[in-house]
Amino acid sequence: IMIAGALFVICYTFIGGFLAESASDFMQGIIMFVSLSVVLIAGISKAGGISAIIENAKQIPGFLEFFGIARPALQDGVQQVSEGRALFGEAGSYSFLTVVSTMSWGLGYFGMPQVLLKFMAIRKSGELTLSRRIATIWCAVSLTAAVAIGIIGRVLYPTALLTQSTSENIFIVLSTEFFFPLLAGIVMAGILAATISSSDSYLLIAASAFSKNIYHGIMKKDAGDKTILLITRITLIAIAAFAMIIALDENSVIFTVVSFAWAGFGATFGPIMLFSLFWKRVTRSGAIAGMLAGGSMVFVWKLLIKPMGGIFGIYELLPAFIASCIAIVAVSLLSGEPSREILDEFERAKAYEE
């Protein structure tokens with residue numbers, strides 16, 4: 001299934017490019033919305049209503065507490081079960097540092113290529129307001145529904161979520177339990193839609209960045225359009241093959257991989273995107289320094305500093321984002337001012353927005 005899905009993504013991205021990727025993302029968004037809604041409504045009904053779900057969830061120490069956290073009783077990474085019930089220890093507590101660290105996930109959105117690319121490709125600035133509203137509503141609905149489905153799954157099928165990796169299958173469990181096979185397959189297509197909508201964007205962006213910025217911009221500046229297109233397609237296939245090799249690891253946890261990638265993109269591109277929009281003093285050197293500082297700090301913090309624990313156990317996106325901001329400001333101020341052409345373009349964009 002994984003190989004078939006990967007080949008499907010490669011084919012339509014290879015042939016259709018950005019237009020095909022955008023059209024497919026629209027359809028996949030509809031599928032995801034319908035799938036989340038159907039499973040959420042069915043789950044609420046199956047569990048006996050929202051009040052019943054909340055009451056059952058409250059029986060788990062710390063599960064629905066704002067500053068609390070449930071602690072499963074684990075043995076060798078597997079939650080223990082007694083008399084058909086998953087066991088939990090005493091509730092833990094979220095420190096202020098943990099709350100801030102968790103909230104820093106929101107910073108990642110500023111650097112997500114699949115999000116930024118859609119806004120950058122908009123036809124006219126007048127459509128930005130509507131696009132922003134649609135994006136905000138979609139995020140609110142999808143994230144709320146996803147969290148609610150997780151809570152419903154914990155209430156209805158507690159023994160099906162005994163390890164971190166199996167807990168990621170809750171959407172599949174609910175779909176197969178609630179619906180007959182054909183409808184369950186259609187609903188679970190939402191998972192494939194979510195995967196495809198991100199993977200095609202990453203493939204297209206990475207391939208275009210290499211062919212345009214590295215191959216054409218540095219290696220061979222006189223390359224023609226056909227050559228650049230060929231390099232783009234070759235790069236696309238190579239990246240897809242590498243991604244499939246990584247995905248073959250059955251012991252990997254999706255959340256861990258996604259969180260690391262989210263931090264990398266967010267800290268590398270997020271700060272420079274914000275500074276470029278709101279501070280005209282940003283220079284080319286500052287932008288490069290910010291991206292290098294943010295991207296490298298994600299690896300340094302994740303692999304070297306975070307294992308130390310304590311106050312260093314925060315999500316790597318936050319310190320990397322801060323490091324990138326500092327680098328952008330410091331290097332931009334130390335280097336010469338941007339050219340008059342860049343400053344005038346910034347002022348024109350600002351005046352047009354107003």
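The values are calculated or read from the model by the stated rules, or taken from the named source; none is laboratory data. Not measured: the values here are computed from a predicted model. Cβ: placed from backbone, ideal geometry, glycine included. Neighbour counts: every protein chain shown.
Some observations on this one:
- Note on the stretch 303-318: among residues that are assigned to a helix (DSSP H, G or I) and either under 10 Å from Ala263 (Cα atoms) or among the hydrophobic types (A, V, I, L, M, F, W, C) (or both), the one that is modelled with the lowest pLDDT is Ile311.
- Candidate set from the stretch 266-309 (those that are polar (S, T, N, Q), farther than 17 Å from Met120 by Cβ and in contact (Cβ under 8 Å) with a residue 40 or more places away in the chain); member that is surrounded by the most Cβ atoms within 10 Å (Cβ to Cβ): Thr283
- So Ile44, is it surrounded by 15 or more Cβ atoms within 10 Å (Cβ to Cβ), over 20 Å from the mean Cα position of the chain (by Cα) and assigned to a helix (DSSP H, G or I): yes
- Residues in the stretch 151-193 that are farther than 15 Å from Asn56 by Cβ and either not assigned by TED's automatic domain parsing to the domain that holds Ala70 or not in a helix (DSSP H, G or I) (or both): Leu162, Thr163, Glu168, Asn169, Phe179, Phe180.
- Cβ-Cβ distances below 7 Å connect the following pairs, each with a first residue in the stretch 198-210 that is farther than 16 Å from Val258 by Cα, a second residue that is of a type in the set (Phe, Trp, Tyr), and a separation of six or more residues or different chains: Leu204/Phe18.
- Residue within the stretch 13-31 that is surrounded by 15 or more Cβ atoms within 10 Å (Cβ to Cβ), charged (D, E, K, R) and not in a helix (DSSP H, G or I) present: no
- Odd one out for Phe63 among (1) among the aromatic types (Phe, Trp, Tyr); (2) surrounded by 13 or more Cβ atoms within 10 Å (Cβ to Cβ); (3) free of Cβ contacts under 8 Å to residues at least 60 places away in the same chain: (3)
- When Ala135, Ala140, Ala148, Ala121 are checked against the criterion of being closer than 22 Å to Pro61 by Cα and among the aliphatic types (A, V, I, L, M), a single residue qualifies: Ala148.
- Test: residue in the stretch 240-247 that is among the small types (Gly, Ala, Ser), buried (at least 19 other Cβ atoms within 10 Å of the Cβ), touching a residue at least 12 places away in the same chain (Cβ under 8 Å) and under 30 Å from Asp344 (Cβ atoms): no
- For the criterion of being under 19 Å from Ser201 (Cβ atoms) and out of contact with any helix residue (DSSP H, G or I) (no Cβ under 9 Å at 6 or more places or on another chain), Met120 passes.
- The stretch 224-267 - residue that is assigned to a helix (DSSP H, G or I) and in contact with a Ser or Thr (Cβ under 7 Å, 6 or more places away or on another chain) and, of those, nearest to Gly336 (Cα to Cα): Ala267
- Val38 part of a helix (DSSP H, G or I), modelled with pLDDT of 80 or more and β-branched (Val, Ile, Thr): yes
- Criterion: out of contact with any strand residue (DSSP E or B) (no Cβ under 8 Å at 6 or more places or on another chain), within 27 Å of Ala267 (Cα to Cα), at pLDDT 85 or above and among the hydrophobic types (A, V, I, L, M, F, W, C) - qualifying residue of Met120, Met103: Met103
- Just one residue in the set Met103, Met112 is of a type outside the set (Asp, Glu), surrounded by 15 or more Cβ atoms within 10 Å (Cβ to Cβ), within 28 Å of Val39 (Cβ to Cβ) and not assigned by TED's automatic domain parsing to the domain that holds Gly295; that residue is Met112.
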